[in-house]
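Student: Just passing along the structure, written as structure tokens.
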Amino acid sequence: MPIITRKAIQRQDLRANPDRIYLFPDNAVRKGFYGYAKQMRGAKNALGVAIKLGPGRAAGALFSDAEYGHNVAIIENDFAPIMQALEEGKIVIIPEGGLLPDREHLQASAPRTIAFLEQKIESMMNYGKAMA
């Protein structure tokens, strides 16, 4: 099934559509309730995609290419259930702003990691289009 973008995603949307998978930008420790995490964290049909290590914008919260292999493993792990959901024919919903809302800030600390993440997002989107 396809990947659909939505301008606004509210908690009630997730409850009303339990058969759909909702994606949101997340961090590797799965903490914090800023942005879409406020609406989606903890919902059974929500999957976070790590775009940084921890909550916030401090330098220690961001990915660093010094740990590129570790970062890639986190990202690969996050995309596995998404790709499985697409293969199972589920509809996947992403925020209209995408999964990298603050790309420039994130890329400054980890350009290789963010490039890998962008590649995974593009592959997911292309797979979703092919399944539609």
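The values are calculated or read from the model by the stated rules, or taken from the named source; none is laboratory data. Values in this document were obtained by computation on a predicted structure and should not be read as measured data. Note that we place each Cβ from the backbone using ideal geometry, even for glycine, and neighbour counts take in every protein chain shown. Protein only, heavy atoms only, side chains kept; ligands, DNA and RNA dropped before computing areas. Shrake-Rupley method; radii C 1.70, N 1.55, O 1.52, S 1.80 Å.
Student: So for the chain, taking the charge dipole from beta-carbon charges (+1 Lys/Arg, -1 Asp/Glu), which of 81, 115, 39 sits furthest toward the positive end?
Tutor: Positive-most Cα among the choices belongs to 39.
Student: How much of the accessible area of the chain, in percent, comes from carbon and sulfur atoms when a 1.4 Å probe is used?
Tutor: 53
Student: Limiting things to C-alpha atoms, what are the Rg and the maximum Cα-Cα separation (Dmax) for the range 62-117, in angstroms?
Tutor: Every Cα atom of the range 62-117 included, Rg and Dmax give 12.9, 37 Å.
Student: Additional query: Per residue, how much accessible area does the chain show when a 1.4 Å probe rolls over the protein heavy atoms, in square angstrom? Intermediate values should be presented prior to the final figure.
Tutor: Numbers: 7090 Å² over 132 residues.
Roughly 54 Å² per residue, with all protein chains present.
Student: Within the range 68-86, list the residues whose amide N lies under 17 Å from a label point set 7 Å along Cα→Cβ of residue 115.
Tutor: The answer is 68-73.
Student: Right, here's the next one. Residue 38 accessible area, nearest 10 Å², 1.4 Å probe?
Tutor: Spelled out: residue 38, probe radius 1.4 Å, area about 140 Å².
Student: Which is the longest stretch in the chain that no exposed loop site breaks, taking sites as GluC sites (Glu not before Pro) with a DSSP loop state and at most 16 other Cβ atoms within 10 Å? Let's see the in-between values first.
Tutor: Numbers: sites that count: 88, 96.
Result, exposed sites excluded: 1-87.
Student: Next question. Extending each Cα 7 Å along its Cβ direction at residue 66 and residue 7, get the distance between those two points in nm, one decimal.
Tutor: 4.3
Student: Hey, another quick one. Determine the alpha carbon to alpha carbon distance for each of 31/129; 90/120; 7/129; 38/129; 38/120; 44/90 and list only those over 22 Å. Write out the running numbers ahead of the final one.
Tutor: Working: 31/129 31 Å; 90/120 18 Å; 7/129 19 Å; 38/129 28 Å; 38/120 24 Å; 44/90 14 Å.
Violating the 22 Å Cα-Cα cut-off are 31/129; 38/129; 38/120.
Student: OK, next. When a/c is below 1.5 the answer is rounded, else prolate if a/b is larger than b/c, else oblate, so apply that to the range 32-71 with a ≥ b ≥ c taken from the square roots of the Cα gyration tensor eigenvalues.
Tutor: Oblate is the answer for the range 32-71, as a/c is 1.5 or above yet b/c matches or exceeds a/b.
Student: Go through 113, 5 and list them by solvent-accessible area, largest first, probe radius 1.4 Å.
Tutor: These residues rank, largest area first, as 5, 113.
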